[in-house]
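Accompanying notes for the structure given below.
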Amino acid sequence: MQITVNEQPRDVAEEWRDDALLWVLREHLGLVGTRHGCGVGQCGACTVLVDGAPQRACLLPVRAAAGRHITTVEGLAGADGALHPVQRAWLAERVPQCGYCQAGQIVAAVALLREHPSPSDGQIDTALAGHLCRGGTQQRVRAAIHRVARGQA
């Protein structure tokens, strides 16, 4: 079986087809930026983009990813290694605390900005509502997203 991850076709062994995409990304493909948090789709740490839409990788069987385009936090950076504007804004606004939830939040923010290039605070809050973070940096998350919307990242 083959899936496309970060614009690269990747072979997935047949014995992995019923596993969650999260485990295939982390253990089979070595893409460990996507985090394992709760394992039941409630924390958002494992969020990836599936055909551009945020999805919880812990809930998606890898067989359901065949023929779809998967983007992980690693795939947001440019081919030259330049960080995505959201990643740059995250650093500029000093969003990260422990960092565990950050990959999922960044991926969700990218999807939000594609859908709403200049989101309101309410749209930001709604898009990130399912992302649990104990660092208390929600104001910095908003500031980072607004920074990208203003073209300052």
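For segment 1-135, the Kirkwood radius over C-alpha pairs fed into Stokes-Einstein at 37 °C and 0.692 mPa s yields D = 218 µm² per second.
What does the helix-only formula give at 222 nm for the chain: each DSSP H stretch with n ≥ 4 adding -39500 (n - 2.57), the total divided by the residues, and the result rounded to the nearest 500 deg cm²/dmol?
The per-residue figure over the chain is -8000 deg cm²/dmol.
Dipole orientation for the chain: of the candidates 153, 143, 133, 143 has the Cα lying most toward the positive pole (charges on Cβ; Lys, Arg +1; Asp, Glu -1).
Rounded to the nearest 20 debye, the dipole size of the chain about its Cα centre is 560 debye, using +1 on the Cβ of Lys and Arg and -1 on the Cβ of Asp and Glu. Put a plus charge on the Cβ of each Lys and Arg, a minus charge on the Cβ of each Asp and Glu, and nothing anywhere else: the dipole of segment 102-153 about its Cα centre is then about 180 debye.
Report the percentage of all Cα-Cα pairs in segment 59-153 whose separation exceeds 18 Å, rounded to a whole percent.
The proportion of pairs with Cα distances above 18 Å equals 45 percent.
A cut-off under 15 angstrom between Cβ atoms defines the neighbours of residue 4, and their net charge, with Lys, Arg +1 and Asp, Glu -1, is -1. Summing charges over all other residues whose Cβ lies under 15 Å from the Cβ of residue 35, with Lys and Arg as +1 and Asp and Glu as -1, gives +1. For segment 15-153, the fraction of 1.4 Å probe accessible surface lying on carbon and sulfur atoms is 49 percent. Placing +1 on the Cβ of each Lys and Arg and -1 on the Cβ of each Asp and Glu in the chain, which of 39, 66, 112 has its Cα farthest towards the positive end of the resulting dipole? Value computed over the given set: 112. Taking the average, over residues, of other Cβ atoms within 10 Å as the packing measure, peptides 70-79, 48-57 rank 48-57, 70-79 from highest down.
Using the Cα gyration tensor of segment 98-148, with a ≥ b ≥ c the square roots of its eigenvalues, what is the shape: rounded (a/c below 1.5), prolate (a/b larger than b/c) or oblate (neither)? Note, shape of segment 98-148 comes out prolate.
Near residue 78, once Lys and Arg are set to +1 and Asp and Glu to -1 for all other residues with Cβ below 13 Å from its Cβ, the sum equals -2.
Just checking the listed ones, 130, 41, 81: in the Gaussian network model of the chain with Cα springs under 10 Å, the one fluctuating most is 81. Loop-located GluC sites (Glu not before Pro) across segment 5-62 with a Cβ neighbour count of 15 or fewer within 10 Å are 7, with loop assigned by DSSP. Principal-axis analysis of the Cα atoms of the chain puts helix 138-149 at an angle of about 90° to the longest axis.
The values are calculated or read from the model by the stated rules, or taken from the named source; none is laboratory data. Values in this document were obtained by computation on a predicted structure and should not be read as measured data. Positions of Cβ are generated from backbone atoms using ideal geometry, with glycine treated the same way; all protein chains shown enter the neighbour counts. Please note that ligands, DNA and RNA were not included when accessible areas were found on the heavy atoms of the full protein model with its side chains. Shrake-Rupley method; radii C 1.70, N 1.55, O 1.52, S 1.80 Å.
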